[in-house]
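The values are calculated or read from the model by the stated rules, or taken from the named source; none is laboratory data. The model shown is predicted, which means the values in this text are computed figures rather than measured ones. Here the Cβ is made from the backbone with ideal geometry for all residues, glycine too, and neighbour counts use every protein chain on show. Please note that ligands, DNA and RNA were not included when accessible areas were found on the heavy atoms of the full protein model with its side chains. Shrake-Rupley method; radii C 1.70, N 1.55, O 1.52, S 1.80 Å.
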Amino acid sequence: METAPYARDFIKLLALEPGESVLDMGCGAGSIAIPLAQAGHPVIAADFSPAMLGTLDAGIEYYGLEDRITPLELAWDDDWDLVGPVAKAVDVAFASRSVTTTNLKGALAKLDRTARRRCAVTMVANSSPRYDLHLMNAIGASVTCSNGFVYAFNILIQMGALPQVTYFESPRRDTFDNLEAGVADFSRMLEHGNEDKVDRLRDYIAQHMIENPHAGEPGSKGVPQGRYMLDHVRKVRWAFIAWEPVSAPSS
């Protein structure tokens, strides 16, 4: 229920003007929508997941934001003319870590169509958030980096926009209760030819696990943190891409 460092950085880069209305596409549980509403912005909070919207509803009730946030069940691939916000419905339309569609151009165009003043998306600018790049490099495991943000930039150029890109990093802390629990958790990263690195992974964790001073406290997803953590903070690099809408208002 608290705004994470990522959300604070994202909101700062969004640079909203007082009272501007927004579309938060892929809003999840409301880590961006709730603080924006608390700051006085009318928010259309859209997500394809009823479970996420249910969690958002609980946050809306908890903070008394029923008059500021309008939840909407909506997917990228839906026909927005039928179920989505109308053209130029909000001042700013954005998708925070949520451009999950095979039709990237269509998704960007939908945001562009919906916004009057500004659009923005964040996309991974190195390896997937699932990976600890520092750990993977240390044990000699291969990692595929994502270039999706480059494609998004080029698509926007083709659309006639002048996108601006800002890079920032968000920390993630993985915790576990014992060595084998840590190995089991981090083994999820060993795929695509890295499955034989389990012994190296175990050795690395054994050498770099330290006591977690916040053990038992709620973690980033509300789950109690484990007794141990690694001696480095996992960082995910994001590309924040913003542009002025190029689509004309519908007649």
Restricting to DSSP H runs of at least four residues, report the calculated mean residue ellipticity at 222 nm for the chain, -39500 (n - 2.57) per run over all residues, nearest 500 deg cm²/dmol. -9500 deg cm²/dmol
May I ask for the distance between the Cα centers of the range 70-100 and the range 165-241, given as a whole number of Å? 33
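Based on the Cβ-Cβ distance of LEU162 and GLU191, what FRET efficiency does E = 1/(1 + (r/R0)^6) give at R0 = 41 Å, to the nearest 0.05?
It comes out at approximately 0.60.
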How far, in degrees from 0 to 90, does helix 5-14 lean away from the longest principal axis of the Cα atoms of the chain, to the nearest 10? 30
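How large is the charge dipole for the range 70-110, taken about the Cα centre, if only the Cβ atoms of Lys, Arg (+1) and Asp, Glu (-1) carry charge, to the nearest 20 debye?
Rounded to the nearest 20 debye, it is 240 debye.
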Angle, helix 198-208 long axis vs. longest principal axis of the chain, Cα atoms, 0 to 90°, nearest 10? 90
Leaving out ligands, DNA and RNA, what percent of the accessible area of the chain is carbon and sulfur, probe 1.4 Å? 52
Probe 1.4 Å, protein heavy atoms only - accessible area per residue of the range 125-237 in square angstrom: 58
Work out the FRET efficiency for ASP199 and ASN147 from their Cβ-Cβ distance, taking R0 = 25 Å, and round it to the nearest 0.05. 0.20
In degrees, nearest 10, the alpha-carbon axis of helix 104-114 is tilted away from the dominant principal axis of the alpha carbons of the chain by 40
Can you give the extra length, in nm with one decimal, that the chain gains between THR102 and HIS232 once fully stretched, where that is 0.36 nm per residue apart less the Cα-Cα distance? 43.4 nm
Positive end of the dipole of the chain, charges at C-beta (+1 Lys, Arg; -1 Asp, Glu), about the Cα centre: which of ALA125, GLY59, PRO5 has its Cα farthest in that direction? ALA125
Within a Cβ distance under 13 Å of PRO171, other residues only, what is the Lys/Arg minus Asp/Glu net charge? +2
Out of residues 5 or more away from ARG227 or on other chains, whose amide H comes under 5 Å of its own, with H placed 1.01 Å from N in the peptide plane? PHE176, ASP177
Assigning unit charges at the beta carbon (Lys, Arg +1; Asp, Glu -1) and nothing else, what dipole magnitude in debye, to the nearest 20, does the range 1-107 show about its Cα centre? 400
Run the simple label-point estimate for ASP81 and TYR62 please: 7 Å along Cα→C-beta, distance reported in nm. 4.0
Give the calculated FRET efficiency between ASN178 and SER49 to the nearest 0.05, with a Förster radius of 45 Å applied to their Cβ-Cβ distance. 0.85
If you place +1 on the Cβ of every Lys and Arg, -1 on the Cβ of every Asp and Glu, and leave all else neutral, what size is the dipole of the chain about its Cα centre, to the nearest 20 Debye? 720
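Compare the peptides 99-106, 49-56, 170-177 by average per-residue count of other Cβ atoms within 10 angstrom and give them in order, highest first.
170-177, 49-56, 99-106
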Here are labelled values, [x] 15.9; [y] 11.6; [z] 14.4, and one is the computed mean projected area of the Cα convex hull in nm² for what I pasted. Which one? [z]
Pairwise Lys count, the chain - Cα closer than 24 Å, eight or more residues apart or different chains: 8
